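Contents: one structure, followed by commentary.
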Amino acid sequence: ERLLGYKKEELIGKSFLKLKLLSLADIPKAAKLLVKNLRGQPTGSDEFVLNRKDNSKVTVEISTYPVKIKGRVLALGIARDITERKEAEKALADSEEKYRTVFENTGTATIIIEEDEIISMVNTQSEKMYGYSKKEIENKMKWTDFVIPEDLERMKKYHIARRKAGGKAPTEYEFRMIDKKGNIRDIFLKIGMIPNTKKSIASLMDITERK
C-alpha cells in the first residue's frame, strides 16, 4: 500500500496490466520473468519503474519465487523501493561529471594520485607535459616514473607524510621531471589531499624557461 498507493482490496485478484503498474517498455521483461516462475525458477533481483496510483513513479528491485497454491503455480514477488538509492546514484554521477569537467579544464597539468603512487587520472595538459596518453598513464604508471632519482627520495617522504594523521608535507615545491622523450624539466607543483580519501590531487607547472 505504501509503495504503490493502492489498498490491498484494489490489488488482490487484479491484473498488473490492467492496473498499468508497469510501463510499456517493462512489460516484455516482466513477461519473461513470469515464464521462468511458471517453469519453477526464481528470478531477481530486477529493476522496474512502477506507476503509483497518483501517477508518480517508484523504482523498485523485484525478486520473484514460484509457489504452489491449490495445485496452481503462482509467482510470489518481493519488491524493494530503491528510488532514493537511484536518485543518489544519479546525483553522484552528475557530481562526478561536473568534477571531471572542472578537472579537465583547469588550464594546468593536473593529476590524481593514489596511496600506492599510481596515477589514476590525468587531464589533457598532463598528456602534453608527460608525452604519454591518458590510456598509457591512468592506473598503469606511478608519479615516481616521472621524477629524476635525485628528487625521488624527498618526494616519497612527502607522499607518505601527507597521508599520515598529523603528518606534515609541503603543499608547494619544485622538482625535476623526466618526460617520455627523456627531457628533464623544472616543475613547480601544488598538491593537496582530497578530503576523506587517501588520494591527492596535484597541479604541475613547467617553469623550465624561467630557470
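The values are calculated or read from the model by the stated rules, or taken from the named source; none is laboratory data. None of these values were measured; they are calculated from a predicted model. Methodologically, a virtual Cβ is constructed for each residue, glycine included, from the backbone with ideal geometry; neighbour enumeration extends over all protein chains shown.
Worth pointing out:
- Residues in the range 76-128 that are farther than 30 Å from Tyr158 by Cβ, surrounded by 15 or more Cβ atoms within 10 Å (Cβ to Cβ) and of a type in the set (A, V, I, L, M, F, W, C): Ala79, Ile82.
- Filtering Ala91, Ala75 for residues that are under 18 Å from the mean Cα position of the chain (by Cα) and not assigned by TED's automatic domain parsing to the domain that holds Arg163 leaves a single hit, Ala91.
- Subset tally (residues that are in contact with a Lys or Arg (Cβ under 6 Å, 6 or more places away or on another chain) and of a type in the set (Ser, Thr, Tyr)) for the range 10-50: 1
Conditions tested, residue by residue: (1) within 30 Å of the chain's Cα centre (by Cα); (2) at pLDDT below 90.
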| site | (1), (2) |
| --- | --- |
| Lys36 | no, yes |
| Lys57 | yes, yes |
| Lys68 | no, yes |
| Ile82 | yes, no |
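- Sole residue being among the basic types (Lys, Arg), out of contact with any Ser or Thr (no Cβ under 8 Å at 6 or more places or on another chain) and surrounded by 12 or more Cβ atoms within 10 Å (Cβ to Cβ), chosen from Lys198, Lys190, Lys164, Lys181: Lys198
- Any hit, the range 120-127, residues being outside any helix (DSSP H, G or I), closer than 30 Å to Asp145 by Cα and small (Gly, Ala, Ser): yes
- Taken as a whole, the structure leaves Glu61 outside the set of residues that are over 30 Å from Tyr158 (Cβ atoms), out of contact with any strand residue (DSSP E or B) (no Cβ under 8 Å at 6 or more places or on another chain) and either in the same structural domain as Gly131 (by TED's automatic domain parsing) or acidic (Asp, Glu) (or both).
- Lys36 assigned to a strand (DSSP E or B) and basic (Lys, Arg): no
- Failed criterion for Gln125 (all others in (1) in contact (Cβ under 8 Å) with a residue 40 or more places away in the chain; (2) touching a strand residue (DSSP E or B) at 6+ places or on another chain (Cβ under 7 Å) hold): (1)
- Those residues of the range 1-34 which are under 21 Å from Arg72 (Cα atoms) and within 31 Å of the chain's Cα centre (by Cα), in sequence order: Ala30, Lys32, Leu33
- Search result, residues across the range 11-34 that are charged (D, E, K, R), at pLDDT 80 or above and closer than 19 Å to Lys57 by Cβ: Lys20, Asp26, Lys29
So that you can scan it fast, the table gives a plain yes or no per residue for (1) over 21 Å from Thr124 (Cα atoms); (2) among the polar types (S, T, N, Q); (3) in contact with a strand residue (DSSP E or B) (Cβ under 6 Å, 6 or more places away or on another chain):
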{"residue": "Leu152", "(1), (2), (3)": "yes, no, no"}
{"residue": "Ala161", "(1), (2), (3)": "yes, no, no"}
{"residue": "Ala169", "(1), (2), (3)": "yes, no, no"}
{"residue": "Asn183", "(1), (2), (3)": "no, yes, no"}
{"residue": "Lys190", "(1), (2), (3)": "no, no, yes"}
{"residue": "Pro195", "(1), (2), (3)": "yes, no, no"}
{"residue": "Ser200", "(1), (2), (3)": "no, yes, yes"}
